[in-house]
Amino acid sequence: MTDQQQKKILLAHGGGGSLTSALIDKHIVPRFGNDKLCQLTDAAEITLDSRTVCFTTDSFVVKPLFFNGGDIGKLAICGTVNDLAVAGAKPVALSLSLIIEEGLDFELFEKILQSAADTVNAAGIEIVTGDTKVVESGAADGIFINTAGIGTKPKSGNLSFNKIKPGDKIIINGTLGDHGMTIISQREGIKFDSPLKSDCACLNGLIADIMAVSPDIKFMRDPTRGGVAATLNEIATASNCSIELRETDLPINPTVRAAAEMLGFDLLDIANEGKVVIVAGAGSADAIVSACKKHPLGKDACILGTVLDGEDDPIVELVTKIGGRRIVQMPYGRELPRIC
Ligand code: MG
């Protein structure tokens, strides 16, 4: 990186990889650091009148605004609902804040809002507050959306990196990289015989089902920017445990695989918007996979990997098809800007 670049924010600072982590750890956390923010969970737990509430926020700048399987309105609801759900919370209410570029067609604006409305209704929650701002033409890119959300947390649903132990299993509810490859293929203007479709979906229903079948869920995270590679590296670092994946076990849609090979992407690095990575005790892994498979958003659920002793140098490792081993690195973040 040149000296000039180090003085400026790069697009890759928003990519969800090691540059995003550096931005947060070096510039943000030290200024606002408190015991809740420092945990860098998907949603923060706060106590209000002795009741535990989860609180989260997320901004959406996806380009293009409309893609197969969703749009910025649907994504803005799903992203925040999922950050609450993976924290073990029941989402209750959301805010919706719109930054609109002068000149956006009312027809597109209505379509995005209707999509957001349909998504909150289907998820069984409400938008209870919001804001609208308009900026000059050229000062935004159509529309940017911020949502924040709150949810209630059952006393039993305590999830933490600290609970993760060697022998635990890593489970995912379906195929890797569908959202990211859909967006990038659409941007590149590449078409496939069977079209790519984003997995963008609200996971609160699925997660409630799996929490009902297993009291032994240790941790959950939605592998969005930076993909499964970023999520597993975060889990390995925070738990001081290593993780082993088997290439033959990775669930991948054949068209998504073809797109990734053609464009030179590793699907472990690619964003998902309807997936949850679950770490659970080995004894309950099969029950969690079965519960996922009963839900429409978990048909392709599988055990993705195993937690191993980190021996003070935790890594994520992939056992390849031919039995070789390679380290799965934390992605840098340059891969796919404005994916969500
Ligand atoms: Mg998240």
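Listed values, structure above:
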{"item": "Test: residue in region 81-90 that is more than 17 Å from the chain's Cα centre (by Cα), buried (at least 22 other Cβ atoms within 10 Å of the Cβ) and within 23 Å of residue 63 (Cβ to Cβ)", "result": "no"}
{"item": "Flag for residue 208 being away from the ligand (no atom under 16 Å from the Cβ) and in contact (Cβ under 8 Å) with a residue 12 or more places away in the chain", "result": "yes"}
{"item": "Whichever residue in region 38-58 is within 15 Å of the ligand (Cβ to nearest atom) and not in a strand (DSSP E or B) and, among such residues, is modelled with the highest pLDDT", "result": "43"}
{"item": "The listed residue being in contact with an Asp or Glu (Cβ under 9 Å, 6 or more places away or on another chain), more than 16 Å from the ligand (Cβ to nearest atom) and at pLDDT 95 or above, out of 61, 128, 120", "result": "120"}
{"item": "Among (1) outside any helix (DSSP H, G or I); (2) touching a residue at least 60 places away in the same chain (Cβ under 8 Å), the one test that residue 35 misses", "result": "(2)"}
{"item": "Verdict on residue 73 being of a type outside the set (Asp, Glu), more than 16 Å from the ligand (Cβ to nearest atom) and either in contact (Cβ under 8 Å) with a residue 24 or more places away in the chain or assigned to a helix (DSSP H, G or I) (or both)", "result": "yes"}
{"item": "Residue in region 62-73 that is touching a strand residue (DSSP E or B) at 6+ places or on another chain (Cβ under 8 Å), of a type outside the set (A, V, I, L, M, F, W, C) and more than 14 Å from residue 150 (Cα to Cα) present", "result": "yes"}
{"item": "Conditions (1) aromatic (Phe, Trp, Tyr); (2) over 21 Å from the mean Cα position of the chain (by Cα); (3) under 18 Å from residue 339 (Cα atoms): number failed by residue 144", "result": "(2)"}
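A quick yes/no check of all residues on (1) outside any helix (DSSP H, G or I); (2) crowded, with 21+ Cβ neighbours inside 10 Å; (3) not assigned by TED's automatic domain parsing to the domain that holds residue 249:
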site: 180; (1), (2), (3): no, yes, no
site: 184; (1), (2), (3): no, yes, no
site: 187; (1), (2), (3): no, no, no
site: 202; (1), (2), (3): yes, yes, no
site: 208; (1), (2), (3): no, no, no
site: 223; (1), (2), (3): yes, yes, no
site: 228; (1), (2), (3): no, yes, no
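The values are calculated or read from the model by the stated rules, or taken from the named source; none is laboratory data. Remember, it's a predicted structure, so these values are computed and weren't measured experimentally. Neighbour counts are summed over all protein chains in view; Cβ atoms, including those assigned to glycine, are modelled from backbone coordinates with ideal geometry.
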